[in-house]
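Peer 1: Sending over a structure as structure tokens; questions will come in a sec.
What follows is calculated from the coordinates using simple rules that are stated; it is not laboratory data. No experiment lies behind these values; they were computed from the predicted model shown. Cβ sites come from the backbone with ideal geometry, for glycine too, and all protein chains shown count toward neighbours.
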Amino acid sequence: MKTCALAVFGLVLTGCPAAVLRQRDNYVAELAFTNRLVREGSVLVRASLQDHCVCEANVWRPTDATTTAVQCQDRAGWWQVYATRWNWHHSMMLYNARVRDTRPPAAPALPGTCDLPATPVEPPSQ
């Protein structure tokens with residue numbers, strides 16, 4: 001019993017060794033795939049927002065019967081996070097995976113409700 005308790009106590013004090021859960025090349029490929037999906041999908045979100053929604057008095061509303069107010073608000077919120085923070089999120093994923101050594105600075109602030117930022121610039125390649 002003492003041996004078992006000593007072993008458990010030893011593990012608690014020393015912790016678990018660092019382990020690689022994914023191979024680096026696989027993870028980088030997954031991030032590249034995710035980056036591509038997000039960037040290609042952003043074109044459709046932006047077009048839908050411009051074609052079917054309008055922001056009045058800081059509230060996104062539909063301009064036709066094919067879209068709801070909730071859809072407009074969700075698309076606007078998604079676009080704002082994408083345009084403002086996607087590069088930061090992508091860089092942070094690479095940093096957390098130890099693919100990059102430099103931690104990204106703090107995440108940028110989101111714009112106002114009716115502000116639709118321009119498309120973000122491509123992040124630097126690995």
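Peer 1: State all residues of segment 20-60 that are loosely packed, with under 15 Cβ neighbours inside 10 Å and among the charged types (D, E, K, R); if no residue qualifies, say none. Let's see the steps before the verdict.
Peer 2: Taking segment 20-60 and keeping what is loosely packed, with under 15 Cβ neighbours inside 10 Å, we get 20-26, 29-30, 32-34, 36-37, 40-41, 43-44, 47, 50-51, 54, 56-59.
Result: Arg22, Arg24, Asp25, Glu30, Arg36, Glu40, Asp51, Glu56.
Peer 1: Here's something else I'd like to know. So which of Arg103, Arg39 ends up being part of a helix (DSSP H, G or I), in contact with a Phe, Trp or Tyr (Cβ under 9 Å, 6 or more places away or on another chain) and not small (Gly, Ala, Ser)?
Peer 2: Arg39
Peer 1: Same structure, new question: For segment 61-72, name all the residues that are crowded, with 17+ Cβ neighbours inside 10 Å and in a helix (DSSP H, G or I).
Peer 2: Matches in segment 61-72: Cys72 only.
Peer 1: Just name the residue that is nearest to Leu37 (Cα to Cα) out of those in segment 66-111 that are free of Cβ contacts under 8 Å to residues at least 60 places away in the same chain and β-branched (Val, Ile, Thr).
Peer 2: Selected residue: Val81.
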